[in-house]
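**Q** First, the structure itself, so that you have it in front of you.
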Amino acid sequence: MSSVRQRPGSSSSLSTMKASKKKLVGNATPRKKQSTADEARSIEMSLRRTNQMLHQELDRVSSIANAIDQDGRVLGDTKSHHKEMKDDIKGAKGALKGLEREKQKERRILIASIVFFYAVVAYVVWTRIRIPFLLW
């Protein structure tokens with residue numbers, strides 16, 4: 001068996017192409033033509049569905065925009081509350097530092113008082129008893 005190539009323009013290749021085209025397209029049934037009124041109604045219904053869908057999307061987008069605006073206001077209020085709290089915390093921090101300084105001051109005064117008390121007690125005991133061998 002020898003295979004012979006046929007040129008694309010030959011009559012036998014044209015007939016096979018027509019036959020395969022007829023096979024592919026031949027089974028398709030042609031659509032019924034609609035009248036102009038039916039086509040207009042179809043287009044009108046399509047436009048109504050599109051209009052309804054656009055209105056739904058517009059409502060959805062406007063509700064989302066309102067939610068975003070409301071969230072923005074809430075965030076702004078929260079920010080202002082945080083600033084107020086920051087100022088209050090700074091004031092409380094300053095008051096605590098002042099209390100800490102007062103605490104240290106009172107501690108030094110207490111220690112000095114105790115030292116002074118023991119010094120007075122030692123002086124009184126030393127002058128009353130007059131122990132001769134103690135630096136006198």
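**Q** Where the only charges are on Cβ atoms (+1 Lys, Arg; -1 Asp, Glu), what is the dipole of segment 31-136 about its Cα centre, to the nearest 20 debye?
**A** So the dipole magnitude of segment 31-136 works out to roughly 640 debye.
**Q** Further, regarding this structure: Once you put a point 7 Å from the Cα of Arg130 and another 7 Å from the Cα of Gln56, both along the Cβ direction, what distance in nm separates them?
**A** 11.7 nm
**Q** So between Lys90 and Ser46, what do we pick up on full extension, going 0.36 nm a residue minus the alpha carbon distance?
**A** Length gained between Lys90 and Ser46: 9.3 nm.
**Q** With +1 on each Lys and Arg Cβ and -1 on each Asp and Glu Cβ, and nothing else charged, work out how big the dipole of segment 82-128 is about its Cα centre, in Debye to the nearest 20.
**A** Using Cβ point charges on Lys, Arg, Asp and Glu, segment 82-128 gives about 140 debye.
**Q** State the dimensionless ratio Rg/Rh of segment 55-136 (Rg: radius of gyration of Cα atoms; Rh: Kirkwood radius).
**A** Using only Cα positions, Rg/Rh for segment 55-136 is 1.76.
Where a number appears in this text, it was derived from the coordinates with a stated rule and is not lab data. Predicted, not measured: the structure shown is a model, and the values here were computed from it. Heads up, the Cβs are rebuilt from the backbone with ideal geometry, glycines too, and the neighbour counts pull from every protein chain shown.
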